[in-house]
1. Report, by residue number, each residue of region A:100-127 that is charged (D, E, K, R) and either within 14 Å of chain B (Cβ to nearest Cβ) or open to solvent by less than 50 Å² (accessible area, probe 1.4 Å) (or both).
2. Might you check whether a residue that is polar (S, T, N, Q) and in the same structural domain as A:Pro178 (by TED's automatic domain parsing) occurs anywhere in region A:194-209?
3. Tell me which residues, restricted to region B:182-203, are open to solvent by less than 30 Å² (accessible area, probe 1.4 Å) and within 17 Å of the chain's Cα centre (by Cα).
4. Check off (1) over 12 Å from the mean Cα position of the chain (by Cα); (2) within 28 Å of B:Gly22 (Cβ to Cβ); (3) away from chain A (no Cβ under 14 Å) for B:Ala162 and give me the number that stays unchecked.
5. Determine, yes or no, whether A:Ala181 is over 30 Å from A:Val290 (Cβ atoms), surrounded by 16 or more Cβ atoms within 10 Å (Cβ to Cβ) and among the small types (Gly, Ala, Ser).
6. Which of (1) assigned to a loop (DSSP other than H, G, I, E, B); (2) crowded, with 22+ Cβ neighbours inside 10 Å; (3) not acidic (Asp, Glu) is the odd one out, the single condition A:Phe91 does not satisfy?
7. Between B:Val360, B:Val342, B:Val334, B:Val284, which is closer than 30 Å to A:Ile6 by Cα and within 14 Å of chain A (Cβ to nearest Cβ)?
Amino acid sequence: MWTEPILHVDMDAFFVEVERLRDETLRDRPVAVGGVGRRGVIASASYEARAFGVRSAQPTAIARRLCRELVVVSPGHGRYGEMSEMVFAIFRSFTPYVEGLSLDEAFLDITGLRRHYESPIDVARDIRAKIATDLGLPASVGIAATKFVAKLASEVAKPDGYRHVPVDVQLQFLHALPVDALWGVGPATFAGLRKLGVITVGDLAEIPEPTVTSSLGPTVGRHLIDLANGIDPRPVQSDSEAKSLSVEETFSSDLRGQDRIEAALLGQSQRLSGRLRRSGFAAETISIKVRYDDFTTLTRSVTPGVAVDSPRDLFSVGKQLLGEVDLSRPVRLLGLGGASLVAASTPRQLRMDSNERLDRLADAVFGVRERFGEHAVDPARLIDMQTEDLESDR
Amino acid sequence: MRIRAQRDDLADVLVRANRAVGTRTALPVLQGLLCEVAGSILRVTGTDLDMTVTTSAEVDVLEEGRVVIPGRLLTEAVRKMPAGQVTIGVKDNDVEIEGNGPRFTVRPLTIDDFPVLDDVVVDGVEVDGEALAEAVGQVTIAASSDGARPILTGVLFESSEAGLRMVATDSYRLAKKDLAGVGLEGTGLVPARGLRELPRTIGSSKVTAQLGDREAVFSSDKGMLRLRLIDGSFPKYQSLLPDTYPNQVILEKEALLDALGRVALVAEDHIPVRLKLTDGGVEVTVSRQDVGGETEHLEGEFSGTDEEVTIAFNPRYLQEGVTVISGDSIRIRVIDGFKPSVLDDGGEGDYIYLLMPVRV
């Protein structure tokens, strides 16, 4: 059994690095992503910029004063959401136990990999390597026995490194840190602790518990003392259960007839499949949403028993659901969604009508579309429809 | 209507007919059992429209007539009577159920609402009742219970060279059984749910089976089971059956079932059991992140073109298939970890259980 099975993976200057993928000239220079207007604020700063004292949440004007060469890029150019989905897909290809904290950081419980790797350090190395080769992004990893120590360790590891905190030196590691490094210590709590003479985590661990609880209250006090002693029983909460992904579109002219509606569903199956694959998920529940020209809206859903992520399966389930609604009425909006998401790497029961060759084809099509754009390859049925649209537009 | 009979004889015909009575029915009258008395015979019919069971018994007839009585109440009331004679009769628009002291008064249901069922001319082929019951058990495990795909909730009956062929699939597994020497004509999709009731409703040593355009009818000395056929065409299953299997292993059935019993302690449906087929037998492994795991080796004869092959299955599907295969050994034939595997008894068996693997 590994004693340190928890990873905290934190992308380094995520927004800046995503911008650098788009624009090579931003490399090796102080760069920040943030508002460029008079009241703009820095969202993310490159390590070159941080060397000048540029920090996130700083007004852009101050940042520019600190660093004359600072290049400020306004957010929104980069595909942050999409890149984040891809980063998380990599996490989920290692373990289904992924708890996302934001677009660019997550906890991973890698207990299940102990048969496949010598140590958690090797897992961390592989994850960092995969993110670097596949996406060209740097990430730092903290490896520890608990979530909060792992998070502190990744902070120390930055930039572009990893830090392993073995459980037997965990307290040494913790006690040397300033007390405001602890989770839950904001300015008010910090001030309270300073009054007690607490500067480092080690100081906190040494003073008697009643002193802390009478000053900070029993709940917060107890919690901080536990943290200072390395106690954090919170498990990694994989966040796939609650999540859902969906695509929907409102048509410029209402869709009439089963053929047109199914063709639109086919296109949405392709797009939803792309989003699911990019984020490393498959959906156990599939739903459709239909809004008619009089704005009445219906939804139908089904849980087919196996998780689906391929365009073909999504289309076939979606079509089955369309069979439950009236398709003779004009349709104004159509949507297709997946919920109860599970990591695509979780074992999947195969069906007798699964077709390995079609699955490989779908993989290839997905690859082409990722590289050359959404309409690089389309089912013939959709191409007909696009041509028709063009003609009717004229 | 008024009859008298031994409690246990009455309970038997009522309980079996009541198996066709659903708890949630479209029409209130379907909660009832139709009791018809003529000559010296009590005939009891329960139906949910898809499945109809008719049973009968010789009773003391005090007065002929027909009445529909709420099925569950009637059945339970008779069962809970003291041992001995029980009388059921209509008096002043109520039904009285009386047995050596206790007396129930029950409101009957409207007899005119009870569905009129077409008459059946029993004209089928005779089948060994035990063989039929075994076959039903072997194929219905593979049928789907998902109402969204009605076709897969049925068992295909068709005639084959050997006799009667029964096939069911829920698209994850498929069971195929040949009943030799049963010359049943025609093809039909018989609901698995109703078929499973066959042994408990009219099961007997001799059963007559017939397949019409709209229903399948099974009858015996214990009564009649009528099942409305499912509309639609069954998947073309022949093309799904592989022609050759490069690898196979033969295992002792009891040992495999014991191992799967241990696996089940750790696994759930979505946690696959892995089988590594290699010289000397099979290595069985299951592991679950938050619980732990189990592993063991099963002795067996392996032969194959591959040095070893690993395949993963839903443990429940595997266990269900192994359980219904008759004989002492199980042969598992495998192509690879992505294509269907086939389980049978290793002989020129009349039964195969095809199982899709879990991709891991």
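The values are calculated or read from the model by the stated rules, or taken from the named source; none is laboratory data. Just so you know, these numbers come straight off a predicted model, no measurement behind them. For neighbour counting, all protein chains shown are included, and Cβ atoms are generated from backbone atoms with ideal geometry for every residue, glycine included. Side chains are part of the model used for accessible areas, which takes the heavy atoms of the whole protein and leaves out ligands, DNA and RNA. Shrake-Rupley method; radii C 1.70, N 1.55, O 1.52, S 1.80 Å.
1. Result: A:Asp104, A:Glu105, A:Asp109, A:Arg114, A:Arg115, A:Asp122.
2. Yes: region A:194-209 contains one or more residues that are polar (S, T, N, Q) and in the same structural domain as A:Pro178 (by TED's automatic domain parsing).
3. B:Gly188, B:Leu189, B:Val190, B:Pro191, B:Ala192, B:Gly194, B:Leu195, B:Glu197, B:Leu198, B:Thr201, B:Ile202, B:Gly203
4. Just one mismatch for B:Ala162, condition (2).
5. Considered against the rule, which asks whether it is over 30 Å from A:Val290 (Cβ atoms), surrounded by 16 or more Cβ atoms within 10 Å (Cβ to Cβ) and among the small types (Gly, Ala, Ser), A:Ala181 comes out as yes.
6. Of everything listed in (1) assigned to a loop (DSSP other than H, G, I, E, B); (2) crowded, with 22+ Cβ neighbours inside 10 Å; (3) not acidic (Asp, Glu), A:Phe91 misses just condition (1).
7. B:Val360
Yes/no matrix, rows are residues, columns are (1) at pLDDT 95 or above; (2) surrounded by 14 or more Cβ atoms within 10 Å (Cβ to Cβ); (3) in contact with a Lys or Arg (Cβ under 9 Å, 6 or more places away or on another chain):
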site: B:Pro115; (1), (2), (3): no, no, no
site: B:Val120; (1), (2), (3): no, yes, yes
site: B:Ala135; (1), (2), (3): yes, yes, yes
site: B:Val139; (1), (2), (3): yes, yes, yes
site: B:Ser144; (1), (2), (3): no, yes, no
site: B:Leu152; (1), (2), (3): no, yes, no
site: B:Glu158; (1), (2), (3): no, yes, yes
site: B:Glu161; (1), (2), (3): no, no, no
site: B:Met166; (1), (2), (3): yes, yes, yes
